[in-house]
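Only the coordinates and a few stated rules stand behind these numbers; no lab work does. Bear in mind the structure is a predicted one, so any value in this text is a computation, not a measurement. Virtual Cβ from ideal backbone geometry, glycine too; neighbours counted across all protein chains shown.
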Amino acid sequence: MATAKTNYASSSDISISLASLASDTNLLAGVESAAIDNIVDGRRDFWISGKVTTGTSPTASRQIEVWAIGSIDGTLWPDVFDGTGSAETISLAGVKASICRFVANMATTSTSDEDYHFGPVLMSSVFGGDIPPKFVIFVTHNTAVNLNGTAGNHYIRITPVFDTVS
């Protein structure tokens, strides 16, 4: 009798430039990751987690937001997204609400260089059951200062999930 087993591929860091990311009062400007491509490998799901570090003298009671944006083929992306790691500014708050899928929100303090962790979050739960063939991660914040300038003080890690039958 065949037995299904959940397995995990090696974790890796998503390509996203969080160092010195500027603050945006409206939480519309931020940075997009390189696309996570699931077309070839066909993973069942992905776990995602991360750490974002604030800069010097942030304003208390603000937030760091993490979002996911999907594409069904990797060539058509909504609004300003394009599947490449780059700075982006979403055109309107209403557009953000309709195309971005919530991953995490971290409430911040006024402590300089503070680490904020999120996850792990299962991407199928973010997208309502199934993951799109390609997706990106978008990070924005309104801490009133740039994020910490050292790249090694930030990461977003992804772990592919797949099934085997034996």
*Run the quick spin-label model on S17 and S166: label points 7 Å from Cα toward the beta carbon, then report their separation in nm to one decimal.*
4.4 nm
*Quick one: what do you get for the chain if you divide its Cα Rg by 2.2 N^0.38 Å?*
1.07
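Excluding A35 itself, calculate the net charge of residues whose Cβ lies under 10 Å from the Cβ of A35, where each Lys or Arg counts +1 and each Asp or Glu counts -1.
After counting each charged neighbour, the total is -2.
Sequence gap at least 6, Cα distance under 8 Å: using those rules, report the relative contact order of the chain to the nearest whole percent.
48 percent
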*By per-residue mean of other Cβ atoms within 10 Å, what is the highest-first order of 21-28, 153-160?*
153-160, 21-28
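Work out the length of the dipole vector of the chain about its Cα centre, built from +1 on the beta-carbon of each Lys and Arg and -1 on the beta-carbon of each Asp and Glu, and round it to the nearest 20 debye.
Working: 9 positive and 16 negative charges, 61 e Å.
Roughly 300 debye for the chain.
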*Please give the FRET efficiency for S61 paired with R157, using the beta carbon to beta carbon distance and R0 = 22 Å, rounded to the nearest 0.05.*
0.20
*Under 13 Å from the Cβ of I64, count the other residues' Cβ atoms, weight Lys and Arg +1, Asp and Glu -1, and hand me the total.*
-2
